[in-house]
Amino acid sequence: MARPHLDAPKLRLVGGRAVAHRTTGRAELDALTDAQLVALVGERDREALEHLYRRHAGFAMTLAVRIQGSATDVEDIVHDAFVRAHARLADLRDGAAFRSWLGSIVVRLVRTRLRRRGLLGALGLAAPEPVDLDAVASPEADSEARVLLAQVYALLQTLPADERIAWTLRHIENHRLETVAELCACSLATAKRRIHRAQRYLESHFVAPFAKEDA
């Protein structure tokens, strides 16, 4: 009987699937689910952590940009979000929910930044940040859509951070109400109230009508 090669990787069960002890192949990592990658990260697999970053960094960055209306500091926000996610990974009960859990961390970090910016603005120590339409608008957006989007974000800047975030997640990111509540770490009823207050404000100040939020 042939003896096994001494360098053959040891296998272990991760999320019900046998994987190599050292996951060095990009294709191998691509085949793993978030839950399996999270399990590997829990065993201090650095490559699995880097792969989670590559898989979800774009989502986290887009989320931060859309909420605050600019790309200012988004790389730092995403970096900090992953650092916090890694440090608190034991708090994540369902590894398959890593993406939405990471999103909620991004939302909290952006909320802190918006509140700090708002406080500095109220004290006359900072001016409102200009809207970065190139970062926010879809590449397919025409000039009229970009003008309307600029007006929307200009109004959103005058809203409380929680209302601004909830409305943006619902009407710009097009998340379901349940997802908005999850990302904002609040109840569904609270998410609905925040969206309703923000939309009522926009309807009273914006020239174009908005579709009313479903009850």
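Please treat every number below as a calculation from the coordinates, not as lab data. All values reported here derive from a predicted model rather than from experimental measurement. Note that we place each Cβ from the backbone using ideal geometry, even for glycine, and neighbour counts take in every protein chain shown.
Points worth noting:
- Contact order relative to length of the range 47-142, as percent, for alpha carbon pairs under 8 angstrom and 6 or more apart: 37 percent
- Proxy reagent accessibility, fewest Cβ within 10 Å first, across TRP167, TRP101: TRP101, TRP167
- Summed residue charge, Cβ within 13 Å of ALA137's Cβ, Lys/Arg positive, Asp/Glu negative: -3
- Label-to-label distance, nm, for residues given as ASP73 and ARG200 (7 Å Cα→Cβ offset): 3.1 nm
- Site pair SER143 and HIS86 shows an inter-label distance of 4.7 nm when each label is modelled 7 Å from Cα along Cα→Cβ.
- Contour excess over end-to-end distance, with Cα ends at ALA27 and ARG116 and 0.36 nm allotted per residue: 27.8 nm
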